[in-house]
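A short worksheet on the structure shown next.
The values are calculated or read from the model by the stated rules, or taken from the named source; none is laboratory data. The structure displayed is predicted, hence computed values, not measured ones. Don't worry about glycine lacking a Cβ; one is built from the backbone with ideal geometry, like all the others, and counts go over all protein chains shown.
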Amino acid sequence: MARESFATLLDQFRKSQALIVAELARQIVGQKPVIEQMLAAILTRGHCLLVGVPGLAKTLMVSSLARITSLEFKRVQFTPDLMPSDITGTQVIDELPGGRREFRFVRGPVFANIVLADEINRAPPKTQAALLQAMQEREVTSGAQTHALPNPFFVIATQNPIEQEGTYPLPEAQLDRFMFNVWVDYPTLEEEQQILARTTQSDPPPLRTVLSDRQILNMQKLIAAIPVTNYVVDYATRLVRASRPADPTAPDFVRKYIDWGAGPRAGQFLLLAGKAMAAMDGRYTVSLDDIRGVAVPVLRHRIACNFAAQAAGLDSVKLVRRLIETVPEPKVPKYEPTPPAEVNQDES
């Protein structure tokens, strides 16, 4: 596809993105980085884990995002007594004419386009693991049958970092399925004043549907077609490998403070997130700044700090930032990036 045609699609993408952000702003005050990372995950077929204290509108952000699209939305409130079949579905026996009986699969709430796993760390690991196949393979196996999930499909989970009693840490295998670990912080003074004034005077205005499922699929195709040079791939690879204590390129502080580092999936998500950030900025190619900008939410939950790090007051976020400062840029290549790949758009 010619660059002019790709530029037209990119311009349409930015207009759609502006519509999404403007409509969300009618309901959500501030939280621009959180909304940006949620959109980046959705537009690259990724999943998000939102971490923040209660009352920061984590659930409201997800439900509002679902309402401004034509996607089917389901919310699952995770509790200690929640069973895996409560999420994926279960087999029931139907009585048929003639006294015959037949098994029938009743679909659970995971069969939706956007699934909100609210307070995911309040359910035991067995129930948390019920989402593993859905998040990775986008299908659910029950008995001898495998059922495909809708397309597009996203899991957005929330987690309270301060509540410890009655909670269960997410297994590392499930954490690795989340593209982003997004920290939801307190609003600024001006934002909090606006929140209080807006939410205590009248009911919020109803949100409009501004995006269809077909448009989302087309936006995913557009981002997938954005090229990434070997220069950027080299840097992302170096960054991920430097987080592993056993790797020869790991800095001394990694060997001292980290038990195990990020795997290849982290590198994949760095590049995909970089593509999304480039597209949202209206650019054709991914830069090193795009990779640096998404390194913390991509890597923070894929690095295990040891006791020495805790004693030194270090956490995974601080160590990722030190990695960004330490890992050198690759040598500048002598070739130009290839033009964007052809994008076959479906008609809306």
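Odds and ends about this structure:
- So L96, is it over 24 Å from the mean Cα position of the chain (by Cα) and at negative phi: yes
- In the stretch 114-127, the residues that are within 18 Å of V51 (Cβ to Cβ) form Cβ pairs under 7 Å with partners that are small (G, A, S) and crowded, with 21+ Cβ neighbours inside 10 Å, at six or more places apart or across chains, as follows: A117/A157; I120/A157.
- For the stretch 43-70, filtered to residues that are farther than 25 Å from R265 by Cβ and in a loop (DSSP other than H, G, I, E, B), the residue that is modelled with the highest pLDDT is I68.
- Residue count, the stretch 268-293 (criterion: in a loop (DSSP other than H, G, I, E, B) and not small (G, A, S)): 5
Listed here are the residues, each with its yes/no results for (1) in contact (Cβ under 8 Å) with a residue 24 or more places away in the chain; (2) crowded, with 24+ Cβ neighbours inside 10 Å; (3) within 21 Å of K221 (Cα to Cα).
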{"site": "A279", "(1), (2), (3)": "yes, yes, yes"}
{"site": "D289", "(1), (2), (3)": "no, no, no"}
{"site": "G293", "(1), (2), (3)": "no, no, no"}
{"site": "V298", "(1), (2), (3)": "yes, yes, no"}
{"site": "R302", "(1), (2), (3)": "yes, no, no"}
{"site": "C305", "(1), (2), (3)": "yes, no, no"}
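- Residue check for D213: without any contact (Cβ under 8 Å) to a residue 24 or more places away in the chain and either surrounded by 12 or more Cβ atoms within 10 Å (Cβ to Cβ) or not basic (K, R) (or both): no
- Scanning the stretch 294-310 for residues that are within 15 Å of V254 (Cβ to Cβ) and not in a loop (DSSP other than H, G, I, E, B) gives A295, L299, A304, C305, A308, A309.
- Scanning the stretch 134-162 for residues that are free of Cβ contacts under 8 Å to residues at least 40 places away in the same chain and more than 22 Å from L39 (Cβ to Cβ), we see that the one that is nearest to the chain's Cα centre (by Cα) is E137.
- Every residue from the stretch 226-244 that is in contact with a helix residue (DSSP H, G or I) (Cβ under 7 Å, 6 or more places away or on another chain) and either more than 20 Å from A276 (Cβ to Cβ) or not assigned by TED's automatic domain parsing to the domain that holds A278 (or both): A242, S243
- Positions within the stretch 10-57 being of a type in the set (D, E) and touching a Leu at 6+ places or on another chain (Cβ under 8 Å), in sequence order: E23
- Some residue of the stretch 179-195 being without any contact (Cβ under 8 Å) to a residue 60 or more places away in the chain and not in a helix (DSSP H, G or I): no
- Hey, V76 outside the structural domain of K221 (by TED's automatic domain parsing), crowded, with 19+ Cβ neighbours inside 10 Å and touching a strand residue (DSSP E or B) at 6+ places or on another chain (Cβ under 6 Å) or not: yes
- Residue list for the stretch 69-88, filter: hydrophobic (A, V, I, L, M, F, W, C) and within 18 Å of the chain's Cα centre (by Cα): L71, F73, V76
- Looking only at the stretch 178-198, and only at residues there that are surrounded by 14 or more Cβ atoms within 10 Å (Cβ to Cβ) and of a type in the set (V, I, T), the one that is farthest from the chain's Cα centre (by Cα): I195
- All of (1) surrounded by fewer than 19 Cβ atoms within 10 Å (Cβ to Cβ); (2) among the aliphatic types (A, V, I, L, M); (3) in a helix (DSSP H, G or I) hold for L207 with one exception: (3).
- Considering the stretch 113-177, the qualifying strands (runs of 3 or more DSSP E), each wholly inside and each with 2 or more residues that are surrounded by 14 or more Cβ atoms within 10 Å (Cβ to Cβ) and modelled with pLDDT of 85 or more, run over 114-118, 154-159.
- Filter result for Q91 (in contact with a strand residue (DSSP E or B) (Cβ under 9 Å, 6 or more places away or on another chain), polar (S, T, N, Q), at pLDDT 85 or above and in the same structural domain as Q194 (by TED's automatic domain parsing)): no
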